[in-house]
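The values are calculated or read from the model by the stated rules, or taken from the named source; none is laboratory data. Predicted model only: the values in this text are computed from it and were never measured. Neighbour counts run over all protein chains shown; Cβ positions are idealised from the backbone, glycine included.
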Amino acid sequence: MSAALLIQEEPYNLFIPNQWHINRFATLRVRDAEARLQICRRGKEVSLWSFDVQPAVYRNQGLGTQLMKAVLTRLSEEGVHEAWLTVEKTNHAAIRLYKRIGFTITEHSSRDYIAKVKLSDYSAEK
């Protein structure tokens, strides 16, 4: 499957609480499918948001894994130390994906898990 990865710098920084700035969107396109991810940065830490593969028929075919590995590799190369995200407890496919590529669940609420990965130890081979 031939894929085209685009990590786009935004021409603006949207402020969100606690000094987070949305400054990148990553997109991986394969034929008619697209995986998207929003990257928010605060110093050497990154929060990942709005991870999605569309249309839904392309889910569970590795597109999201390719995107996440490419983004984590790039962030590690840029000196980012840690990335984290939230995932709904009922989203079992996403939880399996995140664990498979190195995320560890570190906190939880009644609805969500918070998962983190240390990028200093990250390997795209996971």
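Just to verify a result, which residue in the stretch 16-49, among those that are of a type in the set (Gly, Ala, Ser) and touching a helix residue (DSSP H, G or I) at 6+ places or on another chain (Cβ under 8 Å), is modelled with the lowest pLDDT?
Ala26
Quick one: in the stretch 36-69, of everything that is part of a loop (DSSP other than H, G, I, E, B) and either on the phi < 0 side of the Ramachandran plot or of a type in the set (Asp, Glu) (or both), which residue is surrounded by the most Cβ atoms within 10 Å (Cβ to Cβ)?
So the residue we want is Arg59.
Can you work out which of the residues in the stretch 70-85 that are surrounded by fewer than 19 Cβ atoms within 10 Å (Cβ to Cβ) and within 10 Å of the chain's Cα centre (by Cα) is modelled with the lowest pLDDT?
The residue in question is Ala70.
Just give me the residues in the stretch 82-109 being outside any helix (DSSP H, G or I) and either in contact (Cβ under 8 Å) with a residue 40 or more places away in the chain or of a type in the set (A, V, I, L, M) (or both), in sequence order.
Selection gives Ala83, Leu85, Val87, Ile101, Ile105.
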